[in-house]
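Engineer: Just passing along the structure, written as structure tokens.
The values are calculated or read from the model by the stated rules, or taken from the named source; none is laboratory data. The model shown is predicted, which means the values in this text are computed figures rather than measured ones. Note: ideal-geometry Cβ built from the backbone for every residue, glycine included; neighbour counts use all protein chains shown. We work out accessible area using only protein heavy atoms, side chains counted, and drop any ligands, DNA or RNA first. Shrake-Rupley method; radii C 1.70, N 1.55, O 1.52, S 1.80 Å.
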Amino acid sequence: MPTVLSSPDQIQGALPLIHTQCCVVKLHGDYLDTRIKNTPAELEKYPPELDELLDRVFDEFGLVVCGWSAEWDGALCSALLRSSSRRFSTYWAVRNEPSNQARRLIQHRRAEQIKIDSADSFFEEVSQCVQSIEQYSKPHPLSVEAAVVSLKRYISEPRFRIQFSDLIHDTVEQVVEATSGSDFDVDGGPRPTRETINSRVRGYEGICSMLLPLAVMGGAWAEEQHYSVWQRALLRLAAKRFSGGSVLWLELQRYPATLLLYALGIAAVDANRLFFLKSLFSARILDEFDDDVAVVQALPPQCLCTHSINAMKHLEGMERHHLPLNDWLHQILRPFVKRVITDDARYDHAFDKFEMLMALNFIAQDARTQPSAPLGRFVFRGRSDLRIRGEIADSLSNQGAESPFVKHGLCGDTVDACEQNLQTLNDFARSIRWW
């Protein structure tokens, strides 16, 4: 409820403006109060309490003026003219040419004049812009840095395991709460278009901008005592909350979980923490049909947007990309991963290797006879594809059952199974490239 001030006695007992969420000041009084001002003579002077309040407002806040000719309210004009502070902007919305008195005030306040069609359309546009800013808003950089410093301290010693768990839990719950509002409605929201798809995807990313730096650091330094915390975070973000509505909006509900999986996984691959990667891929969630499936079968881009993957071509700059959401993730995660991978070539390698290992683990867990896998950027990056497959093949050949790809069950349970899965992936990728 707004705070309403319509008389000098209400002004005297009011909270400071900075402590009120919304304050309505009725300069001329209330129609239920016999002291209401109406005639030109009455409007030439305000009570001292109201003059003092206006002086504070014009000094401490910016102004949006709409629909005021400035011709009939002498006391309000005087209050504006005696205010010499211009530390905050003034915007003056007009339909036609302003009056001489309004022009004088515009010049005095150094206001920016805005041409509008109507007050309704003007404030509707302002409201939409404010909602967009809120949707894309990100935590203050100092808040992010403080959280990252806390995470580093918590993962450095086992005695901080409770604090570590609480930090990740609270951050994930903030994401869940922020993505449960009307801006992410799956049934009654706007229909998917190029504009709304970009808006929603960027909205999810903005809300996750506190979680992702923590995930990058957590993936790079994950120890066994941390695995269950990150698994719970993934499962919480991947939990199905709505079952009816736009297919694309329903599928994108799990986009924050995909962002978390990639941030953790890329950093873990670069740090060679492959057993942690296996624990992430093997975590179980319920899919759209309430079947129990592994994370690797639900969160990669091709699994996330099973029915609407082509809609991701509407993402800005992805119109001609074969794997638009994969390329998009590569692009938007780069700034976050720079905390642990500063070199671009090394980042590309870690990203491609993560996606290849994810595809190999999918094949290892998939019971279908028809070969399939959630492919990644490596499919269309020949040299990177060859290099990573060569690394895996050499490890299998030289280390046998002690190869981390076998030992951790990442690509298969035996050397033969890993080699077969690697060949299956290669054949499937070749068919996709040909197609």
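Engineer: Please go through segment 240-282 and give me each residue that is surrounded by 21 or more Cβ atoms within 10 Å (Cβ to Cβ), touching a helix residue (DSSP H, G or I) at 6+ places or on another chain (Cβ under 6 Å) and assigned to a loop (DSSP other than H, G, I, E, B), ordered by number.
Structural biologist: Correct list: R254 only.
Engineer: Can I ask one more? Can you tell me which condition Y91 does not meet? The list is (1) touching a helix residue (DSSP H, G or I) at 6+ places or on another chain (Cβ under 9 Å); (2) of a type outside the set (D, E); (3) open to solvent by 40 Å² or more (accessible area, probe 1.4 Å), and all the others hold.
Structural biologist: Evaluating Y91 over (1) touching a helix residue (DSSP H, G or I) at 6+ places or on another chain (Cβ under 9 Å); (2) of a type outside the set (D, E); (3) open to solvent by 40 Å² or more (accessible area, probe 1.4 Å) leaves (1) as the failure.
Engineer: Scan segment 179-188 and give yes if some residue there is among the charged types (D, E, K, R), without any contact (Cβ under 8 Å) to a residue 12 or more places away in the chain, open to solvent by 10 Å² or more (accessible area, probe 1.4 Å) and farther than 18 Å from F336 by Cβ, otherwise no.
Structural biologist: No, the conditions are met nowhere in segment 179-188.
Engineer: Does V144 satisfy the criteria of being at pLDDT 90 or above, under 19 Å from Q174 (Cα atoms) and open to solvent by less than 50 Å² (accessible area, probe 1.4 Å)?
Structural biologist: So V144 does not fit the description; no.
Engineer: For segment 2-51, how many residues are surrounded by 13 or more Cβ atoms within 10 Å (Cβ to Cβ) and of a type in the set (S, T, N, Q)?
Structural biologist: Looking only at that region, the number is 5.
Engineer: Okay, moving on. Only one residue in R86, R56, R103 is out of contact with any Pro (no Cβ under 6 Å at 6 or more places or on another chain) and modelled with pLDDT of 90 or more. Which one?
Structural biologist: R103
Engineer: Between a first residue in segment 73-87 that is exposed (fewer than 14 other Cβ atoms within 10 Å of the Cβ) and a second residue that is part of a loop (DSSP other than H, G, I, E, B), which pairs have beta carbons less than 9 Å apart while being 6 or more apart in sequence or on different chains?
Structural biologist: Here the result reads R87/G62, each pair linking segment 73-87 to a residue that is part of a loop (DSSP other than H, G, I, E, B).
Engineer: Next question. Is it the case that some residue within segment 218-234 is basic (K, R) and modelled with pLDDT of 95 or more?
Structural biologist: Scanning segment 218-234, I find at least one residue that is basic (K, R) and modelled with pLDDT of 95 or more, so the answer is yes.
Engineer: Another question about this same structure. So which of I388, I392, I341 ends up being touching a helix residue (DSSP H, G or I) at 6+ places or on another chain (Cβ under 9 Å), part of a loop (DSSP other than H, G, I, E, B) and within 22 Å of A220 (Cα to Cα)?
Structural biologist: Matching residue, one of I388, I392, I341: I341.
Engineer: Another question about this same structure. Can you name the condition, by its number, that Q297 falls short on among (1) at pLDDT 90 or above; (2) farther than 21 Å from T424 by Cβ; (3) open to solvent by 20 Å² or more (accessible area, probe 1.4 Å)?
Structural biologist: Q297 satisfies every listed condition except (2).
Engineer: Examine segment 230-240 for a residue that is out of contact with any Cys (no Cβ under 9 Å at 6 or more places or on another chain) and over 17 Å from D170 (Cα atoms), and state whether such a residue exists.
Structural biologist: Looking through segment 230-240, at least one residue is out of contact with any Cys (no Cβ under 9 Å at 6 or more places or on another chain) and over 17 Å from D170 (Cα atoms).
Engineer: Okay, next question. Could you tell me whether W230 is of a type outside the set (S, T, Y), open to solvent by less than 40 Å² (accessible area, probe 1.4 Å) and closer than 22 Å to K338 by Cα?
Structural biologist: yes
Engineer: Anything in segment 392-406 that is surrounded by 14 or more Cβ atoms within 10 Å (Cβ to Cβ) and either touching a Pro at 6+ places or on another chain (Cβ under 9 Å) or in contact (Cβ under 8 Å) with a residue 12 or more places away in the chain (or both)? List them, or say none.
Structural biologist: If the condition is that a residue be surrounded by 14 or more Cβ atoms within 10 Å (Cβ to Cβ) and either touching a Pro at 6+ places or on another chain (Cβ under 9 Å) or in contact (Cβ under 8 Å) with a residue 12 or more places away in the chain (or both), then I392, A393, S395, L396, S403, P404, F405, V406 are the ones that fit.
Engineer: Somewhere in segment 37-54, is a residue touching a strand residue (DSSP E or B) at 6+ places or on another chain (Cβ under 9 Å) and of a type in the set (S, T, Y)?
Structural biologist: Within segment 37-54 (the criterion being touching a strand residue (DSSP E or B) at 6+ places or on another chain (Cβ under 9 Å) and of a type in the set (S, T, Y)), the answer is no, since none of the residues qualifies.
Engineer: If the requirement is being in contact (Cβ under 8 Å) with a residue 40 or more places away in the chain and not in a helix (DSSP H, G or I), which of these qualifies: H321, H330, H307?
Structural biologist: Result: H307 is the single residue among H321, H330, H307 that is in contact (Cβ under 8 Å) with a residue 40 or more places away in the chain and not in a helix (DSSP H, G or I).
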